[in-house]
Amino acid sequence: MGGRGSSYFNRSGSMRIKVSDTYDQDKPTNNRTRIVEKLTKRNVQVMASTDKIPDEILTPNLKQLDRIMSRFRQYSDYAEVENLKVRTETFSNPNIQACFRCDADSFTRPEIIFNKTYEKRNAIQIEQEVQGQINGNYWTKSDRQNLLVHTMTHEMGHYVQRVLTEQIAEQRGEVDIRARNPLKYDNTIANEMTNKIAMICKQQFNSKIKTSEYGSTNDYEFFAETFSEMLTCDNPSDTAKSLEIYLKGEK
């Protein structure tokens, strides 16, 4: 799991939170807007649990998800490997905005989950929350017009890293090794990714990788934080540029 807005329990270990699981009770939304239909064609299902999120919040985030899918399709097929669901759940911590979740031992049931508190928020409130986290250097930077989709982009970073890890295991013939100890394997690959990005940053930009306080938590958050900056800034840092160079090379 990867979450945004506070500390949480994830694959590398941090503070524990609880997220409800109504996955089997959810169903696709009947609100078949143009962006919902477009995402459906990309194997993304927007679920009925999102129906109460204000349109001024939900639609920009769905459009951002679509842009991410489109952008990374040119590098690899990892943007559309699994049937991704966009849902809401109740979080034990109301301050957490969203998380990425899938089954721990196999890449099934991938979800981008918004906290149900989104139902009672408006776009200005979310933008102010994100800007506050950026100002405190807890999150990586974002251009003003992308504050609302900053968290969605972060969570998609977790998704992309997870799919990429699955592909690396297949390419190296290490699927069985990963299956025996997925946590250890995923941690190793996540660290390998960080080291490769750091090498690119040093070789091409003569600088060291830098991230937010949250991105310093572990290799998963480093990837997701840098991914978010890369896609929400017109002038991203050398670290974010290095991540894109890395992604272009991973085909």
Scan of segment 176-206 for residues that are without any contact (Cβ under 8 Å) to a residue 12 or more places away in the chain, of a type in the set (S, T, N, Q) and under 15 Å from LEU243 (Cβ atoms), ordered by number:
ASN195, GLN203
Of VAL130, VAL163, VAL149, the only residue that is under 30 Å from PRO94 (Cβ atoms), assigned to a helix (DSSP H, G or I), without any contact (Cβ under 8 Å) to a residue 60 or more places away in the chain and within 17 Å of the chain's Cα centre (by Cα) is VAL130
What number of residues in segment 87-115 are touching a residue at least 60 places away in the same chain (Cβ under 8 Å) and surrounded by 16 or more Cβ atoms within 10 Å (Cβ to Cβ)?
15
From the list THR165, THR217, THR153, pick out the single residue that is among the polar types (S, T, N, Q) and at pLDDT 95 or above.
THR153
Within segment 116-133, restricting to residues that are of a type in the set (A, V, I, L, M) and surrounded by fewer than 18 Cβ atoms within 10 Å (Cβ to Cβ), the one that is nearest to GLN25 (Cα to Cα) is ALA123
Just checking, does segment 183-197 include any residue being over 20 Å from ARG101 (Cα atoms), of a type in the set (Ser, Thr, Tyr) and surrounded by 14 or more Cβ atoms within 10 Å (Cβ to Cβ)?
yes
Any residue that is among the hydroxyl-bearing types (Ser, Thr, Tyr) and within 19 Å of HIS150 (Cα to Cα) - is there at least one of those in segment 202-213?
yes
For ASN93, state whether it is of a type outside the set (Asp, Glu), farther than 28 Å from ILE124 by Cα and modelled with pLDDT under 95.
no
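The values are calculated or read from the model by the stated rules, or taken from the named source; none is laboratory data. Just so it is clear, the model here is predicted, and its values are computed rather than measured. Counting neighbours? That spans all protein chains shown, and the Cβs are built from the backbone with ideal geometry, glycine included.
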